[in-house]
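What follows is one structure encoded as structure tokens, with my remarks underneath.
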Amino acid sequence: MSDTAIDREINRDAMKVSDEVAIQITDMNKWYGTFHVLRDINLTVNRGERIVVCGPSGSGKSTLIRCINRLEEHQAGTIMVDGTELSSDLKNIDKIRSEVGMCFQHFNLFPHLTILENLTLAPIWVRKTPKKEAEETAMHYLEKVKIPEQADKYPGQLSGGQQQRVAIARSLCMKPRIMLFDEPTSALDPEMIKEVLDTMIELAEEGMTMICVTHEMGFARQVANRVIFMDAGQIVEQNEPEEFFNNPQSERTQLFLSQILGH
Amino acid sequence: MSDLHAHTTSYVRKEMLPEQTPPITETGAIKWVRENLFSGWMNILLTVISLFVIYLALSLVLPWAFGGVWNAGSLTECREVLFSFYKGGHGHGGACWAVIEDRWLQIMFGFYPPDQYWRPILAFVLFFVALAPVLFADKVPGQLIWFSLAYPFLAAWLIWGGSFWVPVFAAMGFVLAFIVLKFLGKIAGPIVANLGALVAALVWWGAIMTPLTDGLNKMIGNSRFDSTLSTLEARTAELPAEVAALEAQGADKEAEIAAAVDAKNATLTAMTEIRIEEFVIANEVEAKEDALQRLDAAQDSIEDLSDILATWNGAPSPASDSEKDIAEAEAATSAAETLIGNIGSLLSDAQSGLADDTLEPAELAGTFIVGASQEDPSILGDFDAMVDKAALSNPLNDLIDRAGAVTLNESQGDLASLRADTETVMAALSTNIASLDTIMDKIIATNADDLVEPQAQFLDQMADLASLRDEATTIAQATFRVSSEESDTRGFLAVLQSLNDREAALPILRDETAGALALVPSDYRNMIAVNQLPEDASAEDRAALSTYLGARNIELSTQASVRETYGELGRVGLTPIDSRQIGGFLLALIIGIAGIVLSLPLGILLALGRQSHLFFLNKVCVVFIEVIRGVPLIVWLFTASLLLNYFLPPGSNFDLMLRVIIMVTLFSSAYIAEVIRGGLAALPTGQYEGADSLGLGYWQSMQLIILPQAMKISIPGIVNSFIGLFKDTTLVLFIGLLDPVGLSNAIRADTDWNGVYWELFVFIGLLFFIFCFSMGRYSLHLEKKLQREHR
């Protein structure tokens, strides 16, 4: 694993963190049947913050961020997103989901729609944006992720990296205030990982609030405000990237880092 | 390649090789044949066998189908035509397509009135227009979908007729429901909105539509009353003359047909006379083949006898005193004796057959002196070459004597010589028959020229006869139409004349009912029959209730009759057609198309319900699907036709066809639901999550993301179910609806066509095949079109 995700200098000063709270998770617990997946999670994310969540597989990282837009239901504690509490009220859920963008490991693009249709679908049907306006926005974001020429193709005709960038653009079309990334690069080969990370870094430089579950430690080092290490459904350690990587406190973190950075 | 050295590992190509054409055996048709037909010995064998089987099948079917008869009025006439062209045989000669020519309209439309055929045809043509926005969405303007939505009402009106506002009002129920849904959806939750829409639609159909229709009928009826009355009176005066004129025309036509039949029969007789020599020879051959068969049987019996005697080494005798041996010996003895008797009788039958039923060759030749032998003198020579009768039958006398003398102690040698001699006689007889066959061929050859003219004449006469019969049918239909118009007009006139009286009587009847009701004790006022009264009710109460019920019956029936009269008088639209008149392929199409169109949305809802996390909804769907699927369709159809009546309010007349459509729809939707469930299950969960993460609601994500993909996967299964449903419509035959197969039975019940099977079934099969094959082809086309995304 390389130490840096991108060769150029990143302007960290531009990535301001405001005092406004975007996500507040308090004493959150979740079980799959009797299996306790998330235990007493407490996490506050401020607007503009970029958080990287890492940890061994099965530690509950994905479950944690999937709880934030209620793809998974939590059984105890509260999750507040943009001041709205996540409950089983369907209207709240749909509202939060349209404010929170999400990118998946396997992209989850809609294979029966063209790239442009993938991008305009939610704005047209959820936001009730006029079709023309939605298409203009979609083209804007496609240019931003550097694949405007693919607009009329179908997802199956694109490479993995391109598909993930389309997925990011699809989320951005909803003008989300928070972006969640669930291992966005795990299904890609190294060349493609770089193009996706580029896109994510640009997004970070524009001040987007981001929570990324990823094993890209270079990205964490360069971009994150905070790195959270999870194990066995709990937050084991969280710290600024420099401290986290150079001076990990918990034994579990040290072991994990030595394994992941050791070669 | 010369610069490639096998020993060096490092190698650099200096010049690129030019492109070459492939060998001739590896391109085009030759390659295809080599690869697909003759690629190995097994493949070659299969190719040859397949070609042979195809040849066999076609050589049977094609002559039958293309050598068929199209102009004939009955199966007997078909056979006459086939016989006159030497195609008689045992029904293998040629098809009797005349039955299709005669009855195809009936197979298509059942007993739908012929002058109204344009209505179902128009409905059928419009069906494709309505289908276009659904099937070829990218090639037609989007506004056409409104026509598709209106089409069911339009089609029902075209097929069943009646006033045009009935389908309009029925459609307005849906429009109302939609408006209520939109309105309530803004101010209340989705459940309230859906319920509100349902209630609004039911109230509209149940409580508003009928008075509205009645009011319109009455308004228009009243304005038309006088003019209709005078028109009816005028028509009643004219119609008897029209009927009489048509009947006279019909009688003339019948006479013409009878004359044409006589002419045709005369030609047939003339042809028989030309061919009379063939029949003489055919008789002769028949008698001789008969004798030959007997001799063959006798020969077999001798063989059996000699087998028995060989086993027992002479006459069967018990080997010991044991009962078993004695019984065996006795059984063998009696079997042998029976055989001896058989041999004798078979031989003497053959002998007497030859002696009595055949003619001397000279005699035969004598009958030919004037006929065929003049054209082909060699025939007489053939007769001369034949042996005399005596030469065939005399050796048999000797054989009969010898057979009579056969006993159980006969030696094997004697039996063998008896057999050999019998076979000698048989060989002689066979030769004789072969000579006769040769003569027969020669006669047919000489007759062929003579027959050409009468055959052509016969065909012409049959064609004339067919067109005469068509004209007669047209006249008969017109006569039927006019005479039923006559009786209808008379009936309606009488009804109209009494309309005012009946209407005036209504208030009086109402008062009477109310008065009678007042006399009934209040406990009993809701009863609808006297036998509902408790045992201890008094005689006065019984009488009062019975009076009230009688009065109410009269009031209701008068009310209904007035309503009906206004319905008829105020109708602006098409002649109403009763469901019982609809039959044949039209019936199959109506049931099939209605079932297909209705079962798809229902099946989708059921599939979604079965996937739902809502416990009761889920279980209801599961139980519905399993129960419907687990019971044969025919049981559901019987339920529709018989049992459903018990659950409906008494006196309600719920159309049988509608009931069948409902049952077929439910049945098919259970299958569709399972097919679509398979498609839903095949989608990765990522698709649901992708849709969810964008904030799409349940119905939005179903409509935009999940169903389009699930349906694409399920297309082959869905179309398969549809094809099955369409063919299953023939099952309605068992509940008394006249589907094409049911009609084929009805056609066979006509003495003219008694015995026609293949032609009708081939025609019906072809009709179904065309539709099912088109559906299958369309599904393939759709699959290819949607194949753009690869997983």
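Taking the stated definitions as given, is B:S668 within 14 Å of another protein chain (Cβ to nearest Cβ) and either touching a strand residue (DSSP E or B) at 6+ places or on another chain (Cβ under 8 Å) or farther than 30 Å from A:V166 by Cβ (or both)? First the steps, then the outcome.
Details: within 14 Å of another protein chain (Cβ to nearest Cβ): no; either touching a strand residue (DSSP E or B) at 6+ places or on another chain (Cβ under 8 Å) or farther than 30 Å from A:V166 by Cβ (or both): yes.
The answer is no for B:S668.
Restricting B:D511, B:D536, B:D541 to residues that are assigned to a helix (DSSP H, G or I) and over 28 Å from B:G567 (Cα atoms) narrows the list to B:D541. If we scan segment B:746-759, do we find a residue that is within 26 Å of B:S579 (Cβ to Cβ), part of a helix (DSSP H, G or I), open to solvent by 50 Å² or more (accessible area, probe 1.4 Å) and not hydroxyl-bearing (S, T, Y)? Checked segment B:746-759: no residue is within 26 Å of B:S579 (Cβ to Cβ), part of a helix (DSSP H, G or I), open to solvent by 50 Å² or more (accessible area, probe 1.4 Å) and not hydroxyl-bearing (S, T, Y). Condition test on A:L71, is it crowded, with 18+ Cβ neighbours inside 10 Å, over 12 Å from the mean Cα position of the chain (by Cα) and of a type in the set (A, V, I, L, M)? Yes; evaluated as a whole, the condition is true for this residue. Note on segment B:318-376: residues that are in a helix (DSSP H, G or I), crowded, with 16+ Cβ neighbours inside 10 Å and at pLDDT below 80 total 5.
Considering only segment B:537-549, state which residues are open to solvent by 30 Å² or more (accessible area, probe 1.4 Å) and either among the hydroxyl-bearing types (S, T, Y) or under 57 Å from the mean Cα position of the chain (by Cα) (or both).
Listed by number, the residues that qualify are B:S538, B:R542, B:A543, B:S546, B:T547.
Restricting the first member to segment B:613-629 and to residues that are within 16 Å of B:S669 (Cα to Cα), and the second to residues that are part of a helix (DSSP H, G or I) and aromatic (F, W, Y), the beta-carbon pairs closer than 9 Å and six or more apart or on different chains are B:I625/B:Y671; B:I628/B:W636; B:I628/B:F667; B:I628/B:Y671; B:R629/B:F667; B:R629/B:Y671.
Test of understanding: among B:G686, B:G695, B:G690, which residue is at the interface with chain A (Cβ under 10 Å from one of its Cβ atoms), free of Cβ contacts under 8 Å to residues at least 40 places away in the same chain and not in a helix (DSSP H, G or I)? Don't jump to the end; show me each part of the working.
Values: B:G686 fails: not in a helix (DSSP H, G or I); B:G690 fails: not in a helix (DSSP H, G or I).
None of the other options fit; the residue is B:G695.
Being on the phi > 0 side of the Ramachandran plot and open to solvent by 20 Å² or more (accessible area, probe 1.4 Å), is that true of even one residue in segment B:715-722?
Within segment B:715-722, the subset on the phi > 0 side of the Ramachandran plot is none.
No, because not a single residue in segment B:715-722 is on the phi > 0 side of the Ramachandran plot and open to solvent by 20 Å² or more (accessible area, probe 1.4 Å).
Here is the figure for segment A:164-201: residues that are within 14 Å of another protein chain (Cβ to nearest Cβ), hydrophobic (A, V, I, L, M, F, W, C) and in a loop (DSSP other than H, G, I, E, B) total 3.
The values are calculated or read from the model by the stated rules, or taken from the named source; none is laboratory data. Remember, predicted model here, so these are calculated numbers, not experimental data. FYI the Cβ positions are ideal-geometry reconstructions off the backbone, even for glycines, and counts take in every protein chain you see. To get the accessible areas, we keep the full protein, side chains included, count just its heavy atoms, and leave off ligands, DNA and RNA. Shrake-Rupley method; radii C 1.70, N 1.55, O 1.52, S 1.80 Å.
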